[in-house]
Amino acid sequence: MNRLRAEGLSLGYDDTTVITGLDVAVLDQRITAIVGANACGKSTLLRGLARLLKPRQGAVHLDGKALASMSTLDVAKVLGLLPQTPIAPDGITVADLVGRGRYPHQGWFRRWTDRDHEAVTRALAATDTADLIDRPLHGLSGGQRQRVWVAMALAQDTDLLLLDEPTTYLDINHQVELLRLLRKLNAESGKTIVAVLHDLNLAGRFCDHIIAMDGGAIVAEGPPSEVITAELVEKVFGLSCVIVTDPVAGTPIVVPA
Amino acid sequence: MTLSTVANAVSVTRRRRTTRVVVVTGGLTSVVAVLFVVTMMVGSFRLSAGEVIGSLLGTIDDPSLDFVVLGLRLPTAATALTVGLALGVSGTIFQHLLRNPLASPDFVGISSGAGLAAVSGIVLLKVTGLAVAGFALGGATVAALLMYVLAWRDGVSGYRFILIGIGVAAFFDGLIGFVLSRAQLYEARQAMHWLTGSVGQASGTELRLLLGGLVVLLPLAVLLQRQLRLLELGDDTARSLGVSAELARAALLGTAVIILALAVAAAGPILFVALVAGPIANRLLGPATGSVLAAALVGAALLLTADLVAVHLLPTALPTGVVTGAVGAPYLLCLLATTNRQGTGG
């Protein structure tokens, strides 16, 4: 059973169509990476899966219901998305921002409940950002800031979490740290995670499933060791390379030829 | 850190914030109440606070006192209070929605639109009272729609909206000059007086309309604050968190435009209160808290003070708009200087 899947999905902006007739089923309780060259439609697909883009044709289904027919609020209780470059008002504190992630679970008049408190606490603890709660977001380092945004998405407490290039702007250490965090979340709570990633080596190392896209279509899909091949990298990225095996984890590593 | 330490830290932070909100909001309410009473105490002859409050609550039965307090001074004081509340709410909604401290309705052409429509009504069609309010509302709505169409493409990118707004405002101001140049002397004087902005000029009808509008729209604005706080994180984030972005934005803009138009209709375009109320409230409550209620109270306190200064402290009584302008202009310069340095204006 796949809770999130798309059938015959076509997506686009204004007068350009980016994705045509795409079928995809997101594996439950697994980490999926969407990879591909720039402008191949990765982010567009993610936005379509999160209901931020209306399908031109076809449909996205969440728990068997058409996403387009569900209310924004009902979707937000089950599925969260962290945009590529989220914006925050000047001076906002970490506690304030993470607290705003509770929105879909609060009513017009309902005050802060114990459940909100618990969710925010768990989100801060999981992302190791608890000691930052009184700090303004803009004063933090790039790595800390990204962890805080993930904390906000976690406070939303959804079963499915989509992340658009969460490792961009981070140094290698922070990239690994963030992906370890996603692994931990997946292992502890069985969260289904889909992330657009640029680094094939990290995607292969930390994700269960890889979706490779080219020209708005899925060209390969499966476990990293099957998908990341010299032919695929040549085809998708136009890079001739040799694939070696990661001495630590045994996952594929792309080495430019 | 263990989970319980984190839980504790979250509690402490939240409690501290709640305390601050309660203290600041309570403090602002008292300041506004005191200013409201003081406004009615001073004048050609002085009254004590007891007399003013007694007359307001009906506990002192003295027809001559009632005449001065309820007949002469209450309308002005009530106008200053309600217009101040309205400008504060409207300004802070615009600023947060457009994510720019410069985006107050006076700067993005909404006030000018209301002014142009009202002046055209006064000069060309010789309308008065309620009809002026209707024209102002129409003008503000048209200006807001114009801004939306011209500047809103996939959300708002800070400076483009402000620049287009300044252009639209200049265009409207030019048209106001043109309309005035076609006017007869009497209507021109009427319109000029209206344009300077003064809390003393509101008629009973306009005041009641504004009061009625606030009773409905202020609570609505406070309720919509939850959506506003997510919209300022960007449309994608807001939608992923469950806000219907277009609907919430339309509701917030509509509320802000109507409140502003009613205020402009009552007192004319009073500058800078809408610009500074929100940032002052944020300074008091902590950055980015964006409380609509606190901004409204700051607006009321500012306008009541400006009116006291304009009418009683200066050697000759001036329209309120002159005083708010004189105080607001340095703030604007300061804001421009610092936002440019931080690079956060757009």
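The values are calculated or read from the model by the stated rules, or taken from the named source; none is laboratory data. Quick caveat: nothing in here was measured; it's all calculated off a predicted structure. Because the Cβ atoms are built from the backbone with ideal geometry, glycine has one as well, and the counts that use them run over all protein chains shown.
Among the listed residues A:90, A:96, which satisfies the condition of being without any contact (Cβ under 8 Å) to a residue 40 or more places away in the chain and surrounded by 15 or more Cβ atoms within 10 Å (Cβ to Cβ)?
A:96
Could you please find all residues in region B:290-313 being of a type in the set (Val, Ile, Thr) and touching a residue at least 40 places away in the same chain (Cβ under 8 Å)?
B:292, B:298, B:305, B:311 - these are the residues of region B:290-313 that are of a type in the set (Val, Ile, Thr) and touching a residue at least 40 places away in the same chain (Cβ under 8 Å).
For region A:12-34, what are the residues that are under 30 Å from residue A:189 (Cα atoms) and either assigned to a strand (DSSP E or B) or among the polar types (S, T, N, Q) (or both)? If you could, list the steps in order and put the result at the bottom.
Keep residues of region A:12-34 that are under 30 Å from residue A:189 (Cα atoms), which gives A:22-34.
Result: A:22, A:23, A:24, A:25, A:26, A:29, A:31, A:32, A:33, A:34.
Restricting attention to region B:1-10, report how many residues are surrounded by fewer than 18 Cβ atoms within 10 Å (Cβ to Cβ) and either within 7 Å of chain A (Cβ to nearest Cβ) or in contact (Cβ under 8 Å) with a residue 12 or more places away in the chain (or both).
Adding up the residues that qualify gives 2.
Just one of the numbered conditions (1) part of a loop (DSSP other than H, G, I, E, B); (2) under 30 Å from residue B:315 (Cβ atoms) is not true of residue B:107; which one?
It fails just one condition, (2).
One line per residue, one yes/no per condition, for (1) in contact with a Phe, Trp or Tyr (Cβ under 8 Å, 6 or more places away or on another chain); (2) over 26 Å from residue B:222 (Cα atoms):
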position: B:77; (1), (2): yes, no
position: B:82; (1), (2): no, no
position: B:85; (1), (2): no, no
position: B:96; (1), (2): no, no
position: B:102; (1), (2): no, no
position: B:106; (1), (2): yes, no
position: B:124; (1), (2): no, yes
position: B:142; (1), (2): no, no
position: B:147; (1), (2): yes, no
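I'm checking my understanding of the structure. Among residues of region A:49-86 that are touching a Leu at 6+ places or on another chain (Cβ under 6 Å) and closer than 24 Å to residue B:228 by Cα, which one is farthest from the other protein chains (Cβ to nearest Cβ)?
Once the filter is applied, the top-ranked residue is A:53.
I'm told residue B:125 meets every condition in (1) modelled with pLDDT of 85 or more; (2) crowded, with 24+ Cβ neighbours inside 10 Å except one. Can you identify the failing condition by its number?
Residue B:125 satisfies all of (1) modelled with pLDDT of 85 or more; (2) crowded, with 24+ Cβ neighbours inside 10 Å except (2).
Pull up region A:97-143, narrow it to residues that are of a type in the set (A, V, I, L, M) and part of a loop (DSSP other than H, G, I, E, B), then point me to the one that is farthest from the other protein chains (Cβ to nearest Cβ).
Kept after step one, since they are of a type in the set (A, V, I, L, M), are these residues of region A:97-143: A:97-98, A:119-120, A:123-126, A:130, A:132-133, A:137, A:140.
Applying the additional criterion that residues be part of a loop (DSSP other than H, G, I, E, B) yields A:133, A:140.
Details: A:133: 5, A:140: 14 Å.
In this case the residue turns out to be A:140.
Taking residue A:178 and the conditions (1) in contact (Cβ under 8 Å) with a residue 24 or more places away in the chain; (2) at the interface with chain B (Cβ under 7 Å from one of its Cβ atoms); (3) surrounded by fewer than 23 Cβ atoms within 10 Å (Cβ to Cβ), which numbered condition does it fall short on, given that it satisfies the others?
That leaves (2) as the condition not met.
Yes/no matrix, rows are residues, columns are (1) surrounded by 18 or more Cβ atoms within 10 Å (Cβ to Cβ); (2) away from every other protein chain (no Cβ under 14 Å); (3) at pLDDT 90 or above; (4) in contact with a strand residue (DSSP E or B) (Cβ under 7 Å, 6 or more places away or on another chain):
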position: B:150; (1), (2), (3), (4): no, yes, no, no
position: B:153; (1), (2), (3), (4): no, no, no, no
position: B:179; (1), (2), (3), (4): yes, yes, yes, no
position: B:184; (1), (2), (3), (4): no, yes, no, no
position: B:189; (1), (2), (3), (4): no, yes, no, no
position: B:218; (1), (2), (3), (4): yes, yes, yes, no
position: B:223; (1), (2), (3), (4): no, no, yes, no
position: B:231; (1), (2), (3), (4): yes, no, yes, no
position: B:240; (1), (2), (3), (4): yes, no, yes, yes
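Please state which one of B:79, B:39, B:29, B:13 is part of a helix (DSSP H, G or I), of a type outside the set (Lys, Arg) and either within 12 Å of another protein chain (Cβ to nearest Cβ) or loosely packed, with under 14 Cβ neighbours inside 10 Å (or both).
On inspection, the qualifying residue turns out to be B:13.
Conditions: (1) surrounded by fewer than 22 Cβ atoms within 10 Å (Cβ to Cβ); (2) over 22 Å from residue B:234 (Cβ atoms). Residue A:102 meets all but one. Number of the miss?
Single failed check for residue A:102: (2).
Could you count how many residues in region B:216-262 are in a loop (DSSP other than H, G, I, E, B), more than 19 Å from residue B:100 (Cα to Cα) and among the hydrophobic types (A, V, I, L, M, F, W, C)?
2
Go through (1) in contact with a Gly (Cβ under 8 Å, 6 or more places away or on another chain); (2) surrounded by fewer than 24 Cβ atoms within 10 Å (Cβ to Cβ); (3) at pLDDT 90 or above one by one and return the number of the condition residue B:138 breaks.
With respect to (1) in contact with a Gly (Cβ under 8 Å, 6 or more places away or on another chain); (2) surrounded by fewer than 24 Cβ atoms within 10 Å (Cβ to Cβ); (3) at pLDDT 90 or above, residue B:138 is out only on (1).
Looking at region B:64-107 only, could you name the residues that are more than 21 Å from residue B:43 (Cα to Cα) and of a type in the set (Asp, Glu)?
Scanning region B:64-107 gives a single hit, B:106.
Just checking: which of the helices (runs of 4 or more DSSP H) contained wholly in region A:189-257 hold 2 or more residues that are under 26 Å from residue A:47 (Cβ atoms) and of a type in the set (A, V, I, L, M, F, W, C)?
A:200-206, A:230-237
Being within 14 Å of another protein chain (Cβ to nearest Cβ), buried (at least 21 other Cβ atoms within 10 Å of the Cβ) and under 13 Å from the mean Cα position of the chain (by Cα), is that true of even one residue in region B:242-257?
no
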